[in-house]
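Following: one structure in C-alpha cells, then a few remarks.
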Amino acid sequence: MAENPSQNLANHTRFDPLFHFFLLPVVVALWIYSLVVLVRHPSWEHGWGLLLVTALFVAAGKARGYALKVQDRVIRLEERLRLATLLPEPLRLQIGKLSEAQLIALRFASDEETPALVQRTLSENLSRADIKKAIKNWQPDNWRV
C-alpha cells in the first residue's frame, strides 16, 4: 500500500473529486445547455429549466461553503485549545487577537515553532499565506474536507 506523500506548502490544497470533478462540471454544463436552449427556443418551460439549474448550482455551492465554514470553526476551536497549552502566559492572553485566517494557517506549524510564530504573527500581523510560508516544520492536516 502506497504511503501518502508528505504534506507541505506546495501540495496542501485538497480537491474533493466528486464535487470538483463531477458535480461542479455537470451543473455548469447543464446550466450552459439550459441557457442555450432558452436562447434558441424561448419559452416559460425553458426559463424555468434555467432557473432550476441555477438553483441547483447555488445549492451545490452553498452546501460546499457550509462544510468549509464548519471545518474552519472546528479548526479555530482546536487551535485555540492547542495554543492555550503551548504558549507561555503573556502570549496565551493574546490568543483572542488572532484572526480566524491566522488560526487556520497556524495549524500546520509544529508545536516547537508555534510560540515564536504566534509572537511574530501578532507583532507583524502576518497573513494566512505569510504564516504558511514561515512554517519550517510542516504538520499535515489530512482530515480536511
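How far apart, in nm, are two points set 7 Å out from the Cα along the Cα-to-Cβ line at residue 99 and at residue 9? About 1.8 nm, to one decimal.
The count of lysine pairs in the chain that are at least 8 places apart or cross chains, and whose C-alpha atoms lie under 25 Å apart, stands at 6.
Rolling a 1.4 Å probe over the heavy atoms of the protein chains gives segment 44-96 an accessible area of 69 Å² per residue. Between the alpha-carbon centres of segment 81-115 and segment 1-80 there is a gap of 32 Å.
Which order do you get for 13, 121 if you rank them by accessible area with a 1.4 Å probe, largest at the top?
Values: 13 100, 121 0 Å².
From most accessible down to least: 13, 121.
Against the chain, whose longest principal axis comes from its Cα atoms, helix 24-40 is set at around 30 degrees. Computed from the C-beta positions of residue 122 and residue 73 and an R0 of 25 Å, the FRET efficiency is 0.70 to the nearest 0.05.
So which trypsin sites (Lys or Arg not before Pro) in segment 3-70 are both in a DSSP loop and have at most 13 other Cβ atoms within 10 Å of their Cβ? Mind dumping the intermediate values first?
Numbers: sites: 14, 40, 62, 64, 69; in loops: 14.
Passing sites in segment 3-70 are 14.
Report the full-extension gain for the segment residue 51 to residue 33: residue separation times 0.36 nm, less the Cα-Cα distance, to one decimal in nm.
Working: separation 18, 0.36 × 18 = 6.48 nm, distance 1.23 nm.
Result for the pair: 5.2 nm of gain on full extension.
Count Lys and Arg as plus one, Asp and Glu as minus one, and take only other residues whose Cβ is under 12 Å from that of residue 138; the net charge is then +2.
The loop-placed GluC sites (Glu not before Pro) in segment 72-123, going by DSSP, that have at most 11 neighbouring Cβ atoms within 10 Å of their Cβ come out as 112. Here the 3J(HN,Hα) profile of segment 108-124, calculated from phi with Karplus coefficients 6.51, -1.76 and 1.60 at θ = phi - 60°, is 7, 7, 5, 4, 5, 8, 4, x, 5, 5, 5, 4, 5, 4, 5, 6, 9 Hz, Gly and Pro shown as x.
Tell me, in nm to one decimal, what length is gained between residue 18 and residue 139 on full extension, where the rule is 0.36 nm per residue of separation less the Cα-Cα distance?
Details: separation 121, 0.36 × 121 = 43.56 nm, distance 2.61 nm.
40.9 nm is the gain from fully extending residue 18 to residue 139.
On a full-extension model of 0.36 nm per residue, what is the gain between residue 66 and residue 44, subtracting their alpha-carbon distance, rounded to one decimal in nm?
Values: separation 22, 0.36 × 22 = 7.92 nm, distance 3.23 nm.
This chain segment gains 4.7 nm when fully extended.
In the chain, the longest principal axis of the Cα atoms and the axis of helix 44-86 are about 10 degrees apart.
From largest accessible area down, sort 19, 108; use a 1.4 Å probe on the protein chains.
Numbers: 19 30, 108 0 Å².
Greatest to least solvent exposure: 19, 108.
For the chain, relative contact order (Cα pairs under 8 Å, six or more residues apart, normalised by length) works out to 28 percent.
Quantify, in whole percent, the carbon and sulfur part of the accessible surface of the chain (1.4 Å probe; protein heavy atoms only).
About 65 percent, which is the carbon plus sulfur part of the accessible surface.
Can you tell me, using C-alpha contacts under 8 Å and at least 6 residues apart, the relative contact order of segment 73-145 as a whole percent?
Details: 68 pairs, mean separation 23.8, N = 73.
Value for segment 73-145: 33 percent.
When restricted to Cα atoms, the chain yields an Rg and a Dmax of 21.4, 69 Å, respectively.
The values are calculated or read from the model by the stated rules, or taken from the named source; none is laboratory data. A quick note: this is a predicted structure, and the numbers were derived from the prediction, not measured. As a convention, Cβ positions derive from the backbone with ideal geometry for all residues, glycine included, and neighbour counts pool all protein chains shown. For the accessible areas, the whole protein counts, side chains as well, though only heavy atoms, and no ligand, DNA or RNA atoms are used. Shrake-Rupley method; radii C 1.70, N 1.55, O 1.52, S 1.80 Å.
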